[in-house]
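Working notes, structure below.
The values are calculated or read from the model by the stated rules, or taken from the named source; none is laboratory data. Remember, predicted model here, so these are calculated numbers, not experimental data. Positions of Cβ are generated from backbone atoms using ideal geometry, with glycine treated the same way; all protein chains shown enter the neighbour counts. Surface areas here come from the heavy atoms of the whole protein model, side chains and all, with no ligands, DNA or RNA. Shrake-Rupley method; radii C 1.70, N 1.55, O 1.52, S 1.80 Å.
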Amino acid sequence: MPAVDARRSRVYAAEQQVARLLDRAAQGATTVDFFGSTLTLPVERRFGDIASMQRWVDGVLDLQPVLDRWPGTPPCQVRERRGGTKAHYQPPSEIAVPTSAWATRELVLCHELDHHLAHHDPDVPPDEPCNGPAWVAAYLDLVGIVVGPEVALLLRTGLDEARAR
């Protein structure tokens with residue numbers, strides 16, 4: 001397996017691990033024992049349609065910490081993607097998301113929105129792989145800002161464990 005595909009698979013594995021914890025939190029198991037400390041997980045936002053996802057993306061791009069970290073990032077359009085197996089980012093400014101239950105969640109939108117942020121970030125080398133080290137660092141920043149620092153910590157640990165950082 002090429003290195004880029006291996007890294008992508010590791011990123012997805014770490015995300016799935018965190019998504020399962022967030023699913024449990026939505027069912028009422030909102031605390032996690034994490035190396036002897038108790039973390040309280042936030043409830044992850046879920047979306048009912050493309051319009052609500054678009055409002056979320058617009059709102060995230062207007063958050064002051066996002067504006068400070070990624071100044072000058074243009075708006076990003078969310079559209080429905082045919083087929084239910086993947087979401088993806090289409091440069092220069094489009095996120096395509098299926099309306100399947102697995103995809104209409106905040107963590108998926110953070111992943112795709114981070115591709116948009118990285119694409120427009122002058123500090124990210126143009127030859128950076130789409131799930132490369134600069135993208136991962138920015139993804140952790142975005143998740144910490146938007147979903148919560150507890151989720152970013154769990155994701156960081158999962159990425160480290162999967163050797164995806």
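The table that follows gives values for the structure above.
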| item | result |
| --- | --- |
| Test result for residue 150, among the acidic types (Asp, Glu) and within 17 Å of residue 10 (Cα to Cα) | no |
| Enumeration of residues in segment 142-165 that are under 16 Å from residue 110 (Cβ atoms), touching a helix residue (DSSP H, G or I) at 6+ places or on another chain (Cβ under 6 Å) and not hydrophobic (A, V, I, L, M, F, W, C) | 144, 156, 158 |
| Which numbered condition residue 106 fails, given (1) closer than 21 Å to residue 21 by Cβ; (2) open to solvent by 20 Å² or more (accessible area, probe 1.4 Å); (3) not aromatic (Phe, Trp, Tyr) | (2) |
| Filtered residues of segment 5-45 (kept if surrounded by fewer than 15 Cβ atoms within 10 Å (Cβ to Cβ) and part of a strand (DSSP E or B)) | 31, 33, 34, 37, 38, 40 |
| Complete set of residues in segment 63-74 that are within 17 Å of the chain's Cα centre (by Cα) and not aliphatic (A, V, I, L, M) | 65, 69, 70, 73 |
| So residue 54, is it of a type outside the set (A, V, I, L, M, F, W, C) and surrounded by fewer than 17 Cβ atoms within 10 Å (Cβ to Cβ) | no |
| Of all residues making up segment 111-141, the number that are touching a His at 6+ places or on another chain (Cβ under 9 Å), hydrophobic (A, V, I, L, M, F, W, C) and surrounded by 18 or more Cβ atoms within 10 Å (Cβ to Cβ) | 1 |
| Residues within segment 88-138 that are closer than 15 Å to residue 57 by Cβ and aromatic (Phe, Trp, Tyr), tallied | 1 |
| Strands (runs of 3 or more DSSP E) contained in segment 46-145 and holding at least 3 residues touching a residue at least 24 places away in the same chain (Cβ under 8 Å) | 77-80 |
